[in-house]
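Here is the structure we will look at, set down as structure tokens.
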Amino acid sequence: MPIRRSIRLGATGGIGSGKSTFSGMLAHCGAAVIDADAISRAVTAAGGAAIAPIRTRFGAQFITADGALDRARMRTLAFADAGARARLEAIVHPLVVQAVLQASQEAERGGARLVVHDIPLLTESSHWLPRLDAVLVIDCLEETQVRRVVERSQLNAQAVRAIMATQSSRATRLAAADCVVFNDGIGLDELNTKAHQLAAWFGL
């Protein structure tokens, strides 16, 4: 049977923006959500497709005893060495893109009206924009990003800002947006209302 053409919506936002929370709300409205970050974790878990090339390129010291990527060690290297980060992305990103596109096709075959591609680094990569119908940015103030991540993790503010420095700027994300949800100074109920409004606009 032919694949029904769904609307492919890319959802992105900086760390601490609430992107995953909003994507989950869209899922409750009937959207099919594909979590690129979860796929990235899967390909770098024990037995994942990225493990062998990471071991070859970076060395066995970047693989844990149970066969997964040593995320803490790799994070330290990637923040200190942009070249190392680019080499890691060259291994992981094509695998993630392939898996996301496969999941998207399966969702379309299943008749999904709206397929949300939850992609943290959407604007950092050239892979995504040509494959999407629209881009949604979950936006908030940078100070809010730092506060949220510090509250939910063991990272300090300096570490959070270091992560933010590896991501696209807020202005770059907004420039790529077809629609923006400003998730700052509001509660979950209001955010959920925005999700229902957006879902209805896309026909759900």
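Assorted remarks:
- Where the alpha-carbon atoms of the chain are placed on the principal axes, they occupy 49, 47, 28 Å, in descending order.
- A Stokes-Einstein calculation at 25 °C with viscosity 0.890 mPa s, built on the Kirkwood radius of the range 1-116 over Cα pairs, returns a diffusion coefficient of 155 µm²/s.
- Viscosity 0.692 mPa s, temperature 37 °C, Stokes-Einstein D of the range 64-133 from Kirkwood C-alpha radius, µm²/s: 231
- Separation of the T64 and A52 label points, Cα + 7 Å toward Cβ, nm: 2.2
- Most mobile of N183, N192, N156 in a GNM of the chain (Cα contacts under 10 Å): N156
- Residue list for the range 107-131, given a label point 7 angstrom along the Cα-to-Cβ vector of T21 and an amide N cut-off under 19 Å: 118-121
- Remark: spin-label model distance R152-R5 equals 3.6 nm, labels positioned 7 Å along the Cα→Cβ axis.
- Taking packing as the residue-averaged number of other Cβ atoms within 10 angstrom, the listed peptides 145-154, 92-101 run from highest to lowest as 92-101, 145-154.
- For the peptides 71-84, 33-46, the ranking by mean Cβ contacts within 10 Å, running from highest to lowest, is 33-46, 71-84.
- Counting DSSP beta bridges with both ends in the chain, the antiparallel % (nearest 5): 5
- Whole-Hz couplings from phi, Karplus 6.51/-1.76/1.60, listed for the range 116-128; x for Gly and Pro: 8, 9, 7, 10, x, 9, 4, 7, 7, 10, 7, 6, 8
- With R₀ set to 22 Å, the beta-carbon distance separating R73 from A38 gives a calculated FRET efficiency near 0.55.
- In the chain, the calculated helix contribution to ellipticity at 222 nm averages -16000 deg cm²/dmol per residue, counting -39,500 (n - 2.57) for every DSSP H run with n ≥ 4.
Taken together, the values in this text are just the output of simple stated rules run on the coordinates, not laboratory data. Predicted model, so just to flag it, every value in this text is computed and none were measured. Glycine also receives a Cβ, built like all others from the backbone with ideal geometry; neighbour counts cover every protein chain displayed.
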